[in-house]
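Structure first, then comments.
The values are calculated or read from the model by the stated rules, or taken from the named source; none is laboratory data. Values in this document were obtained by computation on a predicted structure and should not be read as measured data. Positions of Cβ are backbone-derived with ideal geometry, glycine not excepted, and every protein chain shown enters the neighbour counts. Heads up: the accessible areas ignore ligands, DNA and RNA and are worked out on the full protein's heavy atoms, side chains in. Shrake-Rupley method; radii C 1.70, N 1.55, O 1.52, S 1.80 Å.
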Amino acid sequence: MKRIASIQDISCLGRCSLTVALPVISAMAVECAIVPTAVLSTHTMFPGFISRDLSDQLLPIARHWKSQNVTLDAICTGYLASPRQTEEVCDFFDLLAGPDTLLFVDPAMADGGRLYSGFGPDFPAYMRRVVSRAHVAVPNVTEACLLTDTPYRETEDLSWWRDLLRRVGDLGPRCPVLTGVPFGPDRLGVMALDPESGGIFQYHTPRVHDHFHGTGDIFSAACAGAMVRGKGLPDALRLAADFTLACIQATQRDPNAPWYGVEFEKALHLLPGLLER
């Protein structure tokens, strides 16, 4: 069985990060080995949440795995809570990534034009180092702007998005991807740069005009899982976009969903069929 190591926080309540990655990747018949960067009582939308930082555990875990000859088909990163964790993730890559290990980076640090609370203005510079090591990097527009020192804007001008995508590529990832790209008022999708041809891949689905917590985590887990199962990047992006939309559509009738997160459990049964397409 293929194996992915997922490095990000775990929230005891609320659907995001490892509580999303573990079941989604497992439903794709891929083992998900977890490396928690922090334990939170709830996800960060809940007021007064408590958190225990686990930065000092990342490298001991990596060294133990190395001593046991653990092999990884992919290492995926999500929310990293501090500059120290970005540095330790790079060391984790050095210790455990083999020549065929996919490095998949979601620089989960910002949305809506601003950094998440708790991050200082210098944090994107630290995350830039992780992105530079990636084979696949999947920032949203805010993250891409922060990583490339580009003024944030909301636009449907696809030429602007293509320029931003190329700037992300200039940071060093082999396959840069932009998520949350608006293809008109009622379509939302992804844009990726083909490192071989320099061409741009685009895919979009119907846009749901509501905000749901954890959709980026679902997308990243599904995309990485599909790639480890043998899908090329374009097909993996299509699968991830379609699955994320299905999760949102399965959630829309629940008034608590925007608070607790996308009810992805209702759509997990779709993954085997999506993989067979």
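Condition check for residue 236 on (1) in contact (Cβ under 8 Å) with a residue 24 or more places away in the chain; (2) touching a helix residue (DSSP H, G or I) at 6+ places or on another chain (Cβ under 9 Å): one failure, at (1). Filtered by the rule that a residue be surrounded by fewer than 23 Cβ atoms within 10 Å (Cβ to Cβ) and either under 13 Å from the mean Cα position of the chain (by Cα) or of a type outside the set (A, V, I, L, M, F, W, C) (or both), segment 106-126 gives 111, 112, 113, 114, 116, 117, 118, 120, 121, 122, 124, 126.
Just one residue in the set 153, 129 is open to solvent by 70 Å² or more (accessible area, probe 1.4 Å) and either within 15 Å of the chain's Cα centre (by Cα) or over 30 Å from residue 59 (Cβ atoms) (or both); that residue is 153. Of all residues in segment 107-152, which are free of Cβ contacts under 8 Å to residues at least 12 places away in the same chain, in a loop (DSSP other than H, G, I, E, B) and within 15 Å of residue 167 (Cα to Cα)? Selection gives 149, 151. Within segment 7-48, the residues that satisfy the criterion of being crowded, with 20+ Cβ neighbours inside 10 Å, polar (S, T, N, Q) and within 18 Å of residue 265 (Cβ to Cβ) are 11, 17, 19.
Scanning segment 156-169 for residues that are loosely packed, with under 15 Cβ neighbours inside 10 Å, assigned to a helix (DSSP H, G or I) and of a type outside the set (A, V, I, L, M, F, W, C) returns 159, 163, 166. The residues of segment 132-144 that are surrounded by 16 or more Cβ atoms within 10 Å (Cβ to Cβ) and among the hydroxyl-bearing types (Ser, Thr, Tyr) amount to a single one, 142. Can you name the residue in segment 49-88 that is closer than 20 Å to residue 223 by Cα and not hydroxyl-bearing (Ser, Thr, Tyr) and, of all such residues, is most open to solvent (accessible area, probe 1.4 Å)? That would be 73.
Quick one: is residue 103 open to solvent by 20 Å² or more (accessible area, probe 1.4 Å), at pLDDT 95 or above and either under 18 Å from residue 80 (Cβ atoms) or of a type in the set (Gly, Ala, Ser) (or both)?
On the way: open to solvent by 20 Å² or more (accessible area, probe 1.4 Å): no; at pLDDT 95 or above: yes; either under 18 Å from residue 80 (Cβ atoms) or of a type in the set (Gly, Ala, Ser) (or both): yes.
In short, no.
The set of residues in segment 216-271 being closer than 21 Å to residue 101 by Cβ and among the basic types (Lys, Arg) consists of 229, 231.
Please go through segment 97-130 and give me each residue that is farther than 15 Å from residue 176 by Cβ and hydrophobic (A, V, I, L, M, F, W, C), ordered by number.
So in segment 97-130, the residues farther than 15 Å from residue 176 by Cβ come out as 97-101, 108-126, 129.
The answer is 97, 108, 109, 110, 115, 119, 123, 125.
Has segment 236-258 got any residue that is of a type outside the set (A, V, I, L, M, F, W, C), open to solvent by 40 Å² or more (accessible area, probe 1.4 Å) and modelled with pLDDT of 95 or more? Show your work before the answer.
Let us first name the residues in segment 236-258 that are of a type outside the set (A, V, I, L, M, F, W, C), namely 238, 242, 244, 249, 251-256, 258.
Narrowing further to those that are open to solvent by 40 Å² or more (accessible area, probe 1.4 Å): 238, 249, 252-256, 258.
Pick out the ones that are also modelled with pLDDT of 95 or more and you get 238.
Yes, segment 236-258 has at least one match.
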